[in-house]
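Derivation of every value follows stated rules applied to the coordinates shown; laboratory data play no part. Worth saying up front: this structure is predicted, and the values here are computed from it rather than measured. FYI the Cβ positions are ideal-geometry reconstructions off the backbone, even for glycines, and counts take in every protein chain you see.
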Amino acid sequence: MSSRRGFLGLAGASLAAPFLSACGGDSGGPSISPSVSATTTPRIVPTGAAVASASSSSGATASASTLTTAIAANQARLNATTWTEAIGPALDISRFAKTFDTGFSSPDSLRQVTVNGAGGPWYAPIHATSGAARFASPLDKVSPFAIVDRSLRIRCEQVDGAWQTGHMQTCDYAGSGFSQRRGYFEIRCKMPVKGTMGAWPAFWLYSKTFFTDPTKTKAEIDVIEFYPGQDPRGHHSTLHLRPAAKPPANALLVSPWNAGCYSTVGSLGDGQWHTHGVQITDKWIIIYYDRVEYKRIPLLPEFDVAMFMLVSLQLIPAEAGVATGPIDMFIDYVRAWRTA
């Protein structure tokens with residue numbers, strides 16, 4: 001998983017009930033003391049190829065200067081993209097066309113969580129481990145996945161003295177599996193309850209080109225990240241862009257960029273079923289809680305691509321020393337729709 005947000009705190013002004021907010025850019029992983037941090041500003045330099053050519057001729061120097069200017073302009077464009085918050089009307093999905101649907105109501109449903117290359121629709125663990133617990137395989141001695149009370153349980157616990165947990169996603173290492181450009185993506189789940197130290201559940205999207213095209217900027221949408229131990233009302237949503245693994249010589253993104261939005265929602269830590277969703281339209285990325293809009297941000301071209309879904313339950317490193325297992329997250333379904 002990517003580097004996760006720190007606790008942004010309740011630094012924003014009071015908005016429409018029932019939440020407060022603090023939206024903008026942020027950087028770094030989770031921390032336990034509230035803080036507000038600015039969007040990471042990249043080091044404005046030309047690529048290595050541009051530097052080499054710049055040293056060889058005045059024409060190349062002019063080219064490198066042009067690239068540096070373009071990089072700065074691109075960063076200014078990103079930094080000007082900000083979140084807007086408002087409690088909106090209920091989402092009507094009656095005219096949406098369902099494109100992905102996995103429920104976990106029978107014991108056979110566990111077969112949907114497979115290993116890399118095994119056919120999906122869910123693959124585990126594909127993403128590199130992040131947090132203080134290892135992402136375990138469904139084939140391990142103790143699997144982090146089980147069907148309990150007609151839902152999928154992801155469990156974070158100590159096995160043979162070491163923490164392990166579960167992560168799953170709808171694309172494998174080859175990029176095979178479900179991904180979709182635009183539409184509405186949703187999970188219905190029970191998060192760990194208020195006071196559960198160490199818990200770090202999340203529902204998020206990532207660009208399919210992460211696997212299929214190393215020359216493309218990597219895009220991530222964190223629909224919901226939740227820290228019930230010391231932030232049981234905090235609803236964290238964040239956009240991320242990261243430089244391509246093999247950037248072209250004229251790449252404009254040279255350092256990671258992110259824009260986070262923190263809201264408070266009183267019912268997040270109640271241990272009940274809730275839905276978390278994101279709709280990607282031709283103009284907006286819109287975040288929903290129980291199918292009610294809470295925040296939106298303009299759609300940047302980098303996010304107007306095919307994206308796959310990820311679900312994870314991590315262990316916050318700063319709380320690992322006080323965490324007690326097991327920590328559970330329950331999933332009723334994960335679905336996607338085309339909206340136009």
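Annotation: lysines with alpha-carbon distance below 28 angstrom to K208 (same-chain offsets under eight excluded): K98, K190, K216, K218, K246, K283, K295. Between amide H atoms placed 1.01 Å from N, distances below 5 Å from T281 occur with I286, all of them 5 or more places distant or on a separate chain. Near C23, the amide H atoms lying under 5 Å from its own belong to Y262; only residues 5 or more places off or on other chains count, and H is placed 1.01 Å from N. 3J(HN,Hα) couplings calculated from phi for the range 300-313 with the Karplus curve 6.51 cos²θ - 1.76 cosθ + 1.60 (θ = phi - 60°) are, in sequence order, 8, x, 5, 9, 8, 9, 5, 10, 10, 9, 9, 10, 8, 10 Hz; Gly and Pro show x. Phi-derived couplings, Karplus 6.51 cos²θ - 1.76 cosθ + 1.60 at θ = phi - 60°, listed residue by residue for the range 200-215: 8, x, 7, 10, 8, 10, 9, 5, 4, 5, 3, 9, 9, 8, x, 8 Hz, with x used for Gly and Pro. In loop segments of the range 75-141 as defined by DSSP, the trypsin sites (Lys or Arg not before Pro) with at most 12 further C-beta atoms inside 10 Å of their C-beta are R95, K141. Charging the Cβ of each Asp and Glu at -1 and of each Lys and Arg at +1, and nothing else, the dipole of the range 122-212 about its Cα centre rounds to 320 debye. Overall, the range 157-267 carries a charge dipole of about 400 debye about its Cα centre when +1 sits on the Cβ of Lys and Arg and -1 on the Cβ of Asp and Glu, all other atoms neutral.
In this Cβ point-charge picture (+1 for Lys and Arg, -1 for Asp and Glu), the range 224-335 has a dipole of about 340 debye about its Cα centre.
The 3J(HN,Hα) values that the Karplus relation (6.51, -1.76, 1.60; θ = phi - 60°) gives for the range 122-131 are, in residue order, 10, 10, 8, x, 8, 5, 4, 4, 9, x Hz. Gly and Pro appear as x.
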